[in-house]
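What follows is one structure encoded as structure tokens, with my remarks underneath.
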Amino acid sequence: MEKLSIFSFQDYKEFLHQWILRAPHAGRGLRKQLAEALGCQTPFITHVLGGDYHLSLEQAEACCRWLGLRENETEFFLLLVIKARAGTKSLEKVAARQLSQRRSAETILKKRLNINEELSNEDRIIYYSNWYYSAIHMACLIPALQTIEALEKHFSLPLNQIMGALEFLSEHGLIENSRGRFRVMKPVLHLEKESPLMSQHHTQWRLKAMETFLRRKNTDLHYSGVISLSKDDYEWLREQLSQLLQEAVGRIKVSKDETLACLNIDWFEL
């Protein structure tokens, strides 16, 4: 089913209506399933979608879980419900203002990260299932690594894994094969921090980092330290690292593609 963006809707009922219509078999049986998830009768769902009835905030939150919405999408959905249920103009304006701010923030994020299309949930599971999918994806930015032979030698992976990854990336428009050379078509994928795949993504690359500990290469940099500091300094260092990362990403975007690297930053309170 094609993924709908909740941020493009002004009415939560229209979003629900379109979500159901785009489901397989035009959503047959989904109203009943939604009613069961919300603990109500199916006619109530019909009245909500086609009449003046509204979901309560508790029902709206349960609906978001049933839809599988992410945290930021859930918050946006709840604001749509608050706006629709508002009993005063002032409350409606407050909700409308917050909706506008969140919609703008989402648009800015998409533009900043150059995100046009996202992989389906099923395809994301494959892409983030092993480190070499994203590694090969990024390696194809480097001219010297754009052939099957070069990728096989660089990563020391079995040929069937290299071929499988290239086939997957090509099928989903992330790279293209041009006369035996694989070029990147979409260099950026965005995995939301709320995604259940995020822990797997971090784990994959930290395991790869652990493999480099024993080689003690001078160009590698590893640091681990447990320290005691003030709450203010904790927040100061977190902000410093965030700014550094933002500056680094800005520089990397215009950097010449010559070498492949991995950046892991861990900073957390024990």
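Every read-out reported here was derived from the displayed coordinates using simple, explicitly stated rules and does not represent laboratory data. These figures come from a predicted structure and were not determined experimentally. Note that each Cβ is placed from the backbone with ideal geometry, even for glycine, and that neighbours are counted across all protein chains shown.
Among 182, 44, 76, the residue with the largest mean-square fluctuation in a Gaussian network model of the chain, with springs joining Cα atoms closer than 10 Å, is 44.
Please rank 64, 140, 262, 40, fewest neighbouring Cβ atoms within 10 Å first, as an exposure proxy. Can you show the working numbers first?
Numbers: 64 21, 140 26, 262 13, 40 16.
With the fewest neighbours first, 64, 140, 262, 40 line up as 262, 40, 64, 140.
Here the extension length gained between residue 26 and residue 85 equals 18.5 nm, from 0.36 nm per residue of separation less the Cα-Cα distance.
Please give the Cα centre distance for segment 29-94 versus segment 220-253, rounded to the nearest Å. The two parts, judged by their Cα centres, are 40 Å apart. Relative to the longest principal axis of the chain, what angle (0 to 90°, nearest 10) does the C-alpha long axis of helix 159-171 take? Computed tilt is about 40 degrees. Taking springs between alpha-carbon atoms closer than 10 angstrom, which of 24, 196, 143 fluctuates most in the Gaussian network model of the chain? With Cα springs under 10 Å in the chain, the top fluctuation among 24, 196, 143 is at 24. Under the simplified labelling scheme, the residue 70-residue 253 pair shows an inter-label distance of 1.8 nm, with each label point 7 Å from Cα along Cα→Cβ.
Simple rule: put +1 on each Lys or Arg Cβ and -1 on each Asp or Glu Cβ in segment 167-270, find the dipole, and look at 168, 209, 221; the Cα lying farthest toward the positive end is 168. Between helix 231-253 and the chain there is an angle of about 70 degrees, using the helix long axis and the longest principal axis of the Cα atoms.
Quick one, can you get me the convex hull of the C-alpha atoms of the chain expressed as volume per residue in Å³?
Details: hull volume 50.8 nm³, N = 270.
Dividing the Cα hull volume of the chain by its residues yields 188 Å³.
Here 92, 247 are placed in order of increasing Cβ neighbour count within 10 Å, fewest first, which gives 247, 92. Test of understanding: in a Gaussian network model of the chain with alpha carbons linked when under 10 Å, which of 123, 232, 11 would top the mean-square fluctuation ranking? In the Gaussian network model the winner is 232.
Taking the Cβ of residue 168 as the center, what net charge do the other residues with Cβ under 12 Å away carry, scoring Lys and Arg +1 and Asp and Glu -1? Show your work: numbers first, answer last.
Values: positive: 124; negative: 122, 123, 167, 171.
So the environment of residue 168 carries a net charge of -3.
Neighbour counts of C-beta atoms inside 10 Å place 168, 77 in the sequence 168, 77, starting with the fewest. Taking the square roots of five times each eigenvalue of the Cα gyration tensor of segment 6-112, the equivalent ellipsoid has semi-axes of 24, 18, 11 Å, listed largest first. Across the cross-link table entries 13/93; 83/186; 208/256; 32/89, which are compared at the Cα atoms, the separations over 30 Å belong to 83/186; 32/89.
Extension gain, residue 57-residue 261: 0.36 nm per intervening residue step, less the Cα-Cα distance, totals 68.9 nm.
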